[in-house]
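In what follows, a single structure is set out as structure tokens and then discussed.
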Amino acid sequence: MAGRAPGRPTPGGRAAGGPMIKIVLAVLCVLGVAGAGVALAGDPAGKVFPYPVRVETLDNGLQLILIPMPSEGLVAYWSIVRTGSRDEYEPGHTGFAHFFEHMMFRGTERHPADEYNRLITRMGADANAYTTDDLTAYHLGIAKEDLETVMELEADRFQHLSYDESAFKTEAGAVYGEYRKSKMSPFFSIYEAVRETAFDRHTYGHTTMGFVEDIKAMPTMYDYSRRFFERYYRPDNVVLLIAGDIEPDRVVELARRYYGDWKPGYVPPEIPPEPEQTRERRIDVPYQGRSLPIIWIAYKNDRFRPDDRNWVASDLLASLAFGETSDLHKELVLDKQWVEFIEAEVNVNRDPGLIDIISRVKDPEKVDAVLERIDSTIARFQKELVSEKRLADLKSRLRYRFLMGLDTPDHVAASLARIVAVTGGIEAVETYYTTLEQVTREDVRQAALRLTPQRRTVAVLRGKSE
Amino acid sequence: MIRRPACPLVVLSLLVAAGCGGSERMDDMVLLPVPEDPTVSFDLWFAVGSLDDPPGKEGLAYVTGQLLAQGATANNSYEEILEKLYPLAASYDVRVDKEMTTLTGRVHRDKLDEYLPLLVDAFLRPAFREDDFERVRSDALNYVRNTLRYASDEELGKAALWLDVFEGTGYAHPVQGTVAGLEAISLDDVKRFYAEHFTRDNLVIGVGGGYDDAVVERLREARASLPAGRPAARPAPEPRPLEGRRVLLVSKPGADASISFGFPIDVRRGDPDFYALWVANSWLGEHRNSSSHLYQVIREARGLNYGDYSYIEAFPEGGQRTMPPTNVGRRQQLFEVWIRTLPNEQAHFALRAAVRELAHLVDHGLTEEQFELTRSFLSKYVLHFADTTAARLGYAIDDRFYGIEGSHLENFRRRLADLTLEEVNAAIRRHLQYRNLDIAIVTGDAERLAEALASDAPSPISYAAPKPPEILAEDEEIATYPLKIPRDRIRIVPVTEIFER
């Protein structure tokens, strides 16, 4: 799943969704591990983001975003590649961005995999990586005295990755294993089906994991993997986001030393644009296990632009209409208890993406009735203006939640990674919150009017529940 | 070594009260003041958990706990609570484990006045309404019936291991309960359970962050309003006797193989050997980390699956988190190996590989190089375990559970400095073994796997790519490594029956 707008509350962060929503997020958000977080800060210059930021771009296009903050000697070191499963436009290569993320741990001539691993282990780093539709992130939580070593290691593997075909094939087995561990989830099944149905041409039509046939064929793609590296792992397609106990001048100096010789040459992918959807699509999703029915409605949406009031209004609409204090939540979750949870998510994407409305229905007989209630809720928001108070409460909540999530360097970097990858910089954060303040009740109504049946996919997974 | 202040910033204000690295303790309070933190974190620990579920009512502690966080109070309906919390961007939640129930929350201190009454009501004045009860109970039933059985084979495998080790005891069933247990629970059961266990003498209040004395006083008053008394503590469960190896196969059509195995250990956090054993276990199987030796053998060298880890403490939700959870203290722990999902035809080989590595560790211990590398790793890695006030507060509450003086994590870092290889290897010899194992496997190929295990037939493996000769030579040893599991010690349970009662 694409991530969320900065500061969007975690759906079900409170009790509303319970364990099931955590499962949705765990399965769909990223392949790897995502940060989470919570805490706060002040408001130094009328801006939302509470810490100083230094942005530098090296001659080769590598962008540095440096955020010094109190952290007791800890540093978050994130290499954000602006390539994800969106860039897998060639047939038969779905899932490759994620697979390639694994290959990045296979070493270089200077630092073979076992030595890289030993060095990272010795410094007690919290190191991992993940891939989503629009980005691949490599992140390390380290002590500040290890910063230069990490910089040397990361610069080396991003420029001089080297692995043989045997290592390549071995890693393909691990990736297939990752698919195996996820495939039993009903949310994974319906997510895969919704994507494939909603998009005719665009690469958002496949999940980050990729189609299983392509995953099985990965061991044969060694040569392609080298081309993939040459195309996308270039300084003009990467952002270094470093937060914590750092001295920005010193970091810039080290970046020039270790990354300065990296040759630019990013080749943008030829991603086919998605044609306008003109009629509703409906699917029943098979599932081999047992599950309560799951409903997933996906509306086509615009690409994320932080200054786009329409987009930001749709983000607010999702919470107002389907969030835990919405009338629909009260009716379906609390009063009638027809569903376990209901939530909506507006995907933050580089290209036009989706607005997802997801619910798990307790009574299989009530699936159609729940679909009807979702429709009538949208119809009501198309006719009526939301109250001023509810809109103001939501704006305040979003801002607060964003700030409360910025309490550690890693949480800061995790909160910013997607918006940096999608927009190419950190400026979008302030722009988003400025736009947020401008959104009116009428904007929210207009956002609802864009939720038309011909722009949506309706999927139902009717598991054989006991 | 990392250059940190001699005491972490977060506990500087505690120096007088508790000394570096610890939180302030009173009989009923754990205080972790962090004046520069603009938020306040709460961790209210009730000494009750699923171990206290009455037989036949498995899930009662879970449902009761969930109703505190997801139900009405005397002053507000659940809907009203959600409405009031919403603009505060605050929340509270509950975690129920086998011996602990914790109500946790976090709020910006500007919003404390609005938040605190809601939090206090949650544990002091739960309304236990019928509609909330039905909602929470049906969610729990769906979790056991559908989610646990069908949505994640890895979680299912781990739950099956605890079931097999502790069969017949209060540790056997999932914290969420069993199908029959949940169906048998009534709202009156919940009210009685609450009255019995949610008493002032069963509660330790944890507060951390930028709070002031008024908050502490308010919580102390609230606590005093709870009835006195403390039910007799349930004894720690006795695991089933384990001589040799036994296997529980959870038969699930269409499933690949998800393997967990282990055995009870008699060492817990705070015991003299715990830190030495921690080092050994970290080398063998650090959670979600490529430094894990098992990971290197099974995933990195052979590409069989996504990861392979080991544990000396319970680690719920391991697939969803990288750092250990807090507030899951248990008096009885397992040494546990988790082999992530792999093809059924490779399950026998992977199990052999993991048992063989465990045996090697037990027989030979760590080398000096392995010990030093792991010590270096852990000395900094544990800093990531508790990098927020809420996490530190969680550890401080757990310190109370285990009766630890000072701070567990700080104690560990200090102990690491003078720990020796001999101590680590002695702890391995004292607490780890490989001859008596409980093995749980979720599989879509149960009958064949049962026969293969019972016959101890070779389980050769092949690869899509050429492998170094040393790997192939080792494979031959692994493929014929004897597991010695008689057929009558292998039982097959259909997935539809597990956790039914």
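The values are calculated or read from the model by the stated rules, or taken from the named source; none is laboratory data. Because the structure is predicted, anything quoted here is derived from the model rather than measured. Here the Cβ positions follow ideal geometry from the backbone for every residue, glycine too, while neighbour counts run over all protein chains shown. Side chains are part of the model used for accessible areas, which takes the heavy atoms of the whole protein and leaves out ligands, DNA and RNA. Shrake-Rupley method; radii C 1.70, N 1.55, O 1.52, S 1.80 Å.
List the residues whose amide H sits under 5 Å from the amide H of residue B:101, counting only those 5 or more places along or on another chain, with H placed 1.01 Å from N in the peptide plane.
Counting only residues 5 or more places away or on other chains, the set is B:46, B:48.
So what are the ³J(HN,Hα) numbers for the stretch A:286-300, from phi and the Karplus equation (6.51, -1.76, 1.60; θ = phi - 60°), rounded to whole Hz, Gly and Pro as x?
Running phi through 6.51 cos²θ - 1.76 cosθ + 1.60 with θ = phi - 60° gives x, 8, 7, x, 10, 7, 5, x, 10, 9, 9, 10, 10, 9, 5 Hz.
Between residue B:234 and residue B:129, what is the FRET efficiency for a Förster distance of 25 Å, r being their Cβ-Cβ separation, to the nearest 0.05? Before the final figure, lay out the partial values.
Working: r = 29 Å, r/R0 = 1.15.
Calculated value: 0.30.
How much accessible area is lost when chains A and B come together, counting both sides, with a 1.4 Å probe, in Å² rounded to the nearest 100? Before the final figure, lay out the partial values.
Numbers: alone 18900 and 20420 Å², together 32490 Å².
Summed over both sides, the interface buries about 6800 Å².
Against the longest principal axis of chain A, how steep is helix A:19-28, in degrees 0 to 90 to the nearest 10, with axes from Cα atoms?
Roughly 50 degrees, rounded to the nearest 10.
Excluding ligands, DNA and RNA, what is the solvent-accessible area per residue of the stretch A:341-466 at a probe of 1.4 Å, expressed in Å²?
With the other protein chains kept in place, the stretch A:341-466 gives 34 Å² per residue.
Do any of A:181/A:216; A:362/B:191; A:330/B:191; A:336/A:362; A:389/B:84 go past 18 Å between their Cα atoms, and which?
Flagged as over cut-off: A:362/B:191; A:330/B:191.
Gap in Å between the Cα centre of the stretch B:113-128 and the Cα centre of the stretch B:258-290?
39 Å
Just going by the charge dipole of the protein assembly as shown, with Lys and Arg at +1 and Asp and Glu at -1 on Cβ, which of A:202, B:126, B:364 is farthest out on the positive end?
So the residue we want is B:126.
Amide H of residue B:265: which non-local residues (sequence gap of 5 or more, or other chain) have their own amide H closer than 5 Å, using H built in the peptide plane?
Residues meeting the criterion, in which the H sits 1.01 Å from N, are B:333, B:334, B:335.
With everything on Cα atoms, drop me the angle between helix A:409-423 and the longest principal axis of chain A, reported from 0 to 90° to the nearest 10.
80 degrees
Based on alpha-carbon centroids, what's the gap between the stretch A:65-142 and the stretch A:300-323 in Å, whole number please?
The two parts, judged by their Cα centres, are 30 Å apart.
Per residue of the stretch B:124-129, in order, report the coupling 6.51 cos²θ - 1.76 cosθ + 1.60 (Karplus, θ = phi - 60°) as ³J(HN,Hα) in whole Hz, putting x for Gly and Pro.
Those phi angles translate into 8, 9, x, 8, 6, 7 Hz.
Between 0 and 90 degrees, rounded to the nearest ten: what's the tilt of helix A:113-122 against the longest Cα principal axis of chain A?
The helix A:113-122 is inclined about 80 degrees to chain A.
Taking θ as phi - 60°, what are the ³J(HN,Hα) couplings along the stretch A:346-351 by the Karplus curve (6.51, -1.76, 1.60), each to the nearest whole Hz, with x for Gly and Pro?
So the J values, rounded to whole Hz, are 9, 6, 8, 10, 6, 10.
Return the whole-Å distance between the Cα centroid of the stretch A:430-454 and the Cα centroid of the stretch A:356-375.
What the calculation gives is 25 Å, centre to centre.
For residue B:209, list long-range residues whose amide hydrogen, built 1.01 Å from N in the peptide plane, is under 5 Å from its own amide hydrogen.
Hits under the 5 Å cutoff: B:32, B:34, B:41.
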